[in-house]
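Have a look at the structure below, then the notes.
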Amino acid sequence: MEYLVNNFNVLSLQEAVKRLTGKDVPDNAVVVTFDDGYRDNFLNAFPILMSLSIPATIFLATNAIGSSVMLWHDRVFSAFRNTRCDRLYGFGNISGKLLWHTMSEKLFAQEEVLKFLRSCNSIERSYWIDRLIQVLEVAGCDHAPGLMLSWDQVVAMQKGGISFGSHTASHPILSKLSREEACMEILVSKRVIEEKLGIPVRALAYPNGKTHDFSDLTKRLVRESGYECAVTTIFGTNGVEQDLFELRRATPWDEDIHAFALRLNYFKLSS
Ligand SMILES: [Zn+2]
């Protein structure tokens, strides 16, 4: 984060959107965002962000905030992490048997399961995750007190200069929902955050955020619900022509500072 502050122009998301709209983006502009609302954002990131005055935005999946209920993908991660089983047979639309003896085989199986679950609607997904927990014999592993932020922590971070956006209520794949369901997810999460924080919510991050995870209808619903922008997980930088409801992002997760610096400069060159 120190490298970012010393070498880039760190803007809040709201400021960046304003500058994009006004076609007046400063050189080396970056925005820092976090998705989901994990408690480590408060414990680890917040003190650093505050000490460097970085105006980050955190996108909250509101059903999980202040709750021990895990987001659906975390239930899957937890099932695979905790299981003593080494195979999965006849799961969803996955043909054949998934078998794992090594960590990379296990991760491959987990990704196949996630891929199938992303193609489901909410009811099917919830059925198949319950089934996964049953067949992998990990009942009771899908609650994690302390994994997600509490509302008190969200409020404390807001007071410290962090902004909050919506990441929907239950983290569904918005393009798989009916218009009514998508509307609910987009609106309910916005209202909940606005009620808790007393300020308008203007930004949304699409869950999973790849091209197939939102549609033109999703974008229209987001715009009509009063948002000013939406971010994806599609890789890229954003120029003044970029659709504000399809903003690109990148994930420079390197732990080594040289690799981090190299990656950021590569992003800059590829913009
Ligand atoms: Zn997410």
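The values are calculated or read from the model by the stated rules, or taken from the named source; none is laboratory data. Only a predicted model underlies this, so the values are computations on that prediction, with no experimental measurement involved. As a convention, Cβ positions derive from the backbone with ideal geometry for all residues, glycine included, and neighbour counts pool all protein chains shown.
When residue 97 is tested against (1) in contact with a Phe, Trp or Tyr (Cβ under 8 Å, 6 or more places away or on another chain); (2) surrounded by 15 or more Cβ atoms within 10 Å (Cβ to Cβ), exactly one condition is not met: (2).
Pairs are defined by a Cβ separation below 8 Å, a sequence spacing of at least 6 or placement on different chains, a first member in the range 166-186 that is closer than 13 Å to residue 225 by Cα and part of a helix (DSSP H, G or I), and a second member that is of a type in the set (A, V, I, L, M) and away from the ligand (no atom under 15 Å from the Cβ); the pairs so defined are 179/217; 179/221; 182/217; 182/221; 183/221; 185/177; 186/221; 186/222.
Screening the range 177-186 for residues that are away from the ligand (no atom under 15 Å from the Cβ) and not acidic (Asp, Glu) and picking the one that is surrounded by the most Cβ atoms within 10 Å (Cβ to Cβ) gives 182. Just one of the numbered conditions (1) of a type in the set (Asp, Glu); (2) in a loop (DSSP other than H, G, I, E, B); (3) touching a His at 6+ places or on another chain (Cβ under 8 Å) is not true of residue 27: (3).
As a summary of the residue check, residue 75 satisfies the conditions (1) at pLDDT below 95; (2) outside any helix (DSSP H, G or I); (3) surrounded by 15 or more Cβ atoms within 10 Å (Cβ to Cβ) except for the one numbered (2). Right, residue 251: at pLDDT below 95 and either in a helix (DSSP H, G or I) or within 16 Å of the ligand (Cβ to nearest atom) (or both) or not? Considered against the rule, which asks whether it is at pLDDT below 95 and either in a helix (DSSP H, G or I) or within 16 Å of the ligand (Cβ to nearest atom) (or both), residue 251 comes out as yes.
Residues of the range 255-269 include none that is crowded, with 17+ Cβ neighbours inside 10 Å and within 15 Å of the ligand (Cβ to nearest atom). Just one residue in the set 118, 19, 84, 39 is away from the ligand (no atom under 16 Å from the Cβ) and within 28 Å of residue 229 (Cα to Cα); that residue is 19.
One line per residue, one yes/no per condition, for (1) more than 16 Å from the ligand (Cβ to nearest atom); (2) among the charged types (D, E, K, R); (3) crowded, with 19+ Cβ neighbours inside 10 Å; (4) on the phi > 0 side of the Ramachandran plot:
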| site | (1), (2), (3), (4) |
| --- | --- |
| 188 | yes, no, no, no |
| 199 | yes, no, no, no |
| 204 | no, no, yes, no |
| 207 | no, no, yes, no |
| 212 | no, no, no, no |
| 217 | yes, no, no, no |
| 224 | yes, yes, no, no |
| 230 | no, no, yes, no |
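Checking 124, 111 one by one, the residue that is under 30 Å from residue 41 (Cβ atoms), of a type outside the set (A, V, I, L, M, F, W, C) and part of a helix (DSSP H, G or I) is 111 and no other.
For the range 232-248, the candidate set comprises residues that are modelled with pLDDT of 95 or more and not polar (S, T, N, Q); within that set, the residue that is surrounded by the most Cβ atoms within 10 Å (Cβ to Cβ) is 247.
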